[in-house]
Amino acid sequence: MGAERCSDAQLLAILLGSGGQGYSALDSANALLDKYGTLSGLMNRPLEEVAQIKGIKVVRAIRLAAAYEICQRLLKEVARDA
């Protein structure tokens, strides 16, 4: 289908890669969106806070923070080139 057709939860699940014991990556992604409401509500949260969500832990929280940072840098490049 392509990434543009994925839901926010599905995209987060792809970034997370896998879930935990008895908990899928999609379950974790939905838990993140339930807590923070939106992708923008999730991003730039303290790693320790995000790592408290079931199935996330610190490594996955770092992965999400890195994705956020990549987006921020891309937006800066686009704005600079415009």
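Every read-out reported here was derived from the displayed coordinates using simple, explicitly stated rules and does not represent laboratory data. This structure is a prediction, so every number in the text was calculated from the model and none was measured. All Cβ positions, glycine included, derive from the backbone under ideal geometry; neighbour counts span all protein chains shown.
Annotations
- Positions within the range 28-44 being surrounded by fewer than 17 Cβ atoms within 10 Å (Cβ to Cβ) and not hydrophobic (A, V, I, L, M, F, W, C), in sequence order: Asp34, Lys35, Tyr36, Gly37, Thr38, Ser40, Gly41, Asn44
- Selection within the range 1-40 - touching a residue at least 12 places away in the same chain (Cβ under 8 Å) and of a type in the set (Phe, Trp, Tyr): Tyr23
- Selected residue (only one of Val50, Val59, Val78 is in contact with a Leu (Cβ under 7 Å, 6 or more places away or on another chain) and either of a type in the set (A, V, I, L, M, F, W, C) or surrounded by fewer than 17 Cβ atoms within 10 Å (Cβ to Cβ) (or both)): Val50
- Flag: Leu15 matches the condition of being touching a helix residue (DSSP H, G or I) at 6+ places or on another chain (Cβ under 6 Å) and either surrounded by fewer than 16 Cβ atoms within 10 Å (Cβ to Cβ) or assigned to a helix (DSSP H, G or I) (or both).
- Positions within the range 18-28 being assigned to a loop (DSSP other than H, G, I, E, B) and at negative phi, in sequence order: Ser18, Gly19, Gln21, Ser24
- Search result, residues across the range 29-53 that are within 18 Å of Ile14 (Cβ to Cβ) and part of a loop (DSSP other than H, G, I, E, B): Thr38, Met43, Ile53
- Scan of the range 54-82 for residues that are part of a loop (DSSP other than H, G, I, E, B) and closer than 23 Å to Leu26 by Cβ, ordered by number: Lys54, Gly55, Ile56
- Selection count, the range 1-58, where residues are among the charged types (D, E, K, R), under 13 Å from the mean Cα position of the chain (by Cα) and within 17 Å of Cys71 (Cα to Cα): 2
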